[in-house]
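The values are calculated or read from the model by the stated rules, or taken from the named source; none is laboratory data. Since the model is a prediction, treat every value here as computed from it, not as a measurement. Cβ atoms come from the backbone with ideal geometry, glycine included; neighbour counts cover every protein chain shown. Just so you know, the surface numbers come from the protein's heavy atoms only, side chains and all, with ligands and any DNA or RNA stripped out. Shrake-Rupley method; radii C 1.70, N 1.55, O 1.52, S 1.80 Å.
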Amino acid sequence: MKRRFKELAILLTALGIFGMLVLVSGIVPIKASSGHWPITRWTLDFASNRSVSLHSSGIEVPSMDEPGIVQMGAATFDSNCRWCHGAPGFTQPPVAAQMTPSPPDLSEAVSLWDDAELFYILKHGIKFAGMPAWPTQKRDDEIWPVVAFLRELPKIDASEYSQLVQPNAAQNQKAPTAIAYQVASECTACHGMAGGRPSNDRVPVLASQSRAYLKNSLLAYRSGRRYSGVMTPIAHRLTDQQIDEIASYFSEQPATTLPKNSPPSDVQRSTNSAETGRLPMNDLIETGRQLAHQGDQSAKIPSCVDCHGPGKMKRSEQYPSLAGQPARYLQRQLELFAQTNRGGSANVSLMHSIADKLNKSQRTQLSQYYASLSAEVKK
């Protein structure tokens, strides 16, 4: 027995020395041009698929049946993913095609994964495959629209894709200035045209917001101080001059208000839940109004209107006006503040202690109150 152990030890040592010699010699090619050996490709694919399946097994998939979510996901895909994977009407870029392994055609490959697995891959990326992680690990809510789009991708042709990522292409061509055309091309798929509404209630209204706030937000996205896997890549491509012009453009657009017959958001659908105290919508809004205007002294929650309106009090343009914003967007921002997962400009820390004191019911009340206001009242 001792002899066999000795022989095994000698064999393992010899193999180790041989492996080190191969490693040090550099004889094994690492060139991408030759591709992987079949056994290497199979091993990596098998290990990757098993890992994704295991680690995504506990992910809860939300409902993605909501207006505009596929369009929002398509715009993000066009900004972040098309450059490697291609898209309907856009063949895979030649540089990405020479990667090893080559990024797959997702209209064919997407059927290999379920929604939870797609989410996991988008969020964390895949080592040894060139698939990057999402630009921030703090914003899971941004990833699900891309999952919704990918699920529809096999049924989307080039014309439909173009309509999703540039829904107002004909109007965009009539933009009076270069910056207006750039805004229309980059921003309207999610934020809507001037005088219109966002494509989804996860997205804020930008029209008539203060120039200072919009500029600081874009700068914070560009530097990574405000966390977003959607906005950071876009802002990173902008120069200081472009940021100035975009901020000025949106600040000069007329304010818009959510139509009364618009479909309810997830926040609105949850207002009969136990967390909101089962208040009717009118009572919910009134409770939110009182909290926004008076605060809650016992809980050390200040009023919101001093910084965010509405009212005629002169306020700093560094702070956003909230009137007319989608309730779902507002509630999500409050949640992110409470979790310290939002980030932002130099003033962001002011909101952390406030949002942390708000319970879920109060976040809903405030969100519904501000969403119920006409956007013009902020003036």
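Yes or no: D140 among the acidic types (D, E) and more than 20 Å from C190 (Cα to Cα)? Against the criterion (among the acidic types (D, E) and more than 20 Å from C190 (Cα to Cα)), D140 does not qualify. Filter segment 225-246 for residues that are free of Cβ contacts under 8 Å to residues at least 60 places away in the same chain and either farther than 20 Å from A75 by Cα or surrounded by fewer than 19 Cβ atoms within 10 Å (Cβ to Cβ) (or both) and give the result. Answer for segment 225-246, where residues must be free of Cβ contacts under 8 Å to residues at least 60 places away in the same chain and either farther than 20 Å from A75 by Cα or surrounded by fewer than 19 Cβ atoms within 10 Å (Cβ to Cβ) (or both): H236, R237, L238, T239, D240, Q241, D244.
Within segment 105-126, the set of residues being open to solvent by less than 50 Å² (accessible area, probe 1.4 Å) and among the small types (G, A, S) comprises S107, A109, A116, G125. Somewhere in segment 316-325, is a residue assigned to a helix (DSSP H, G or I), free of Cβ contacts under 8 Å to residues at least 60 places away in the same chain and buried (at least 19 other Cβ atoms within 10 Å of the Cβ)? No, segment 316-325 contains no residue that is assigned to a helix (DSSP H, G or I), free of Cβ contacts under 8 Å to residues at least 60 places away in the same chain and buried (at least 19 other Cβ atoms within 10 Å of the Cβ). The residues in segment 280-307 that are small (G, A, S) and either in a helix (DSSP H, G or I) or surrounded by 19 or more Cβ atoms within 10 Å (Cβ to Cβ) (or both) can be counted, and the count is 2. Among the residues of segment 329-340, none is identified as open to solvent by less than 40 Å² (accessible area, probe 1.4 Å) and charged (D, E, K, R).
Residues in segment 143-155 include none that are assigned to a loop (DSSP other than H, G, I, E, B), more than 18 Å from the chain's Cα centre (by Cα) and not aliphatic (A, V, I, L, M). Taking every residue in segment 79-95 that is open to solvent by 100 Å² or more (accessible area, probe 1.4 Å) and pairing it with any residue that is in a helix (DSSP H, G or I), at least 6 positions away or on another chain, the pairs with Cβ-Cβ distances below 8 Å are W83/A96. Would it be correct to say that A129 is in a loop (DSSP other than H, G, I, E, B), surrounded by fewer than 19 Cβ atoms within 10 Å (Cβ to Cβ), of a type outside the set (S, T, N, Q) and modelled with pLDDT under 95? In short, yes.
Which one is nearest to M99 (Cα to Cα), of the residues in segment 24-35 that are open to solvent by 70 Å² or more (accessible area, probe 1.4 Å) and of a type in the set (A, V, I, L, M, F, W, C)? So the residue we want is I30. Against the condition closer than 27 Å to S199 by Cα and at pLDDT below 95, how does E66 come out, does it pass? Judged against the criteria, E66 is a match. In segment 185-230, of all residues being among the hydrophobic types (A, V, I, L, M, F, W, C) and assigned to a helix (DSSP H, G or I), the one that is nearest to the chain's Cα centre (by Cα) corresponds to C190.
A quick yes/no check of all residues on (1) over 16 Å from I126 (Cα atoms); (2) open to solvent by 80 Å² or more (accessible area, probe 1.4 Å):
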position: W37; (1), (2): yes, yes
position: R41; (1), (2): no, yes
position: V61; (1), (2): yes, no
position: E66; (1), (2): yes, no
position: A74; (1), (2): yes, no
position: F77; (1), (2): yes, no
position: P103; (1), (2): no, no
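Scanning segment 326-356 for residues that are under 21 Å from the mean Cα position of the chain (by Cα) and assigned to a loop (DSSP other than H, G, I, E, B) gives P326, Q339, T340, N341, R342, G344, S345, V348. Cβ-Cβ distances below 6 Å connect the following pairs, each with a first residue in segment 341-361 that is open to solvent by 50 Å² or more (accessible area, probe 1.4 Å) and modelled with pLDDT of 90 or more, a second residue that is of a type outside the set (F, W, Y) and in a helix (DSSP H, G or I), and a separation of six or more residues or different chains: D356/A338; K360/E275.
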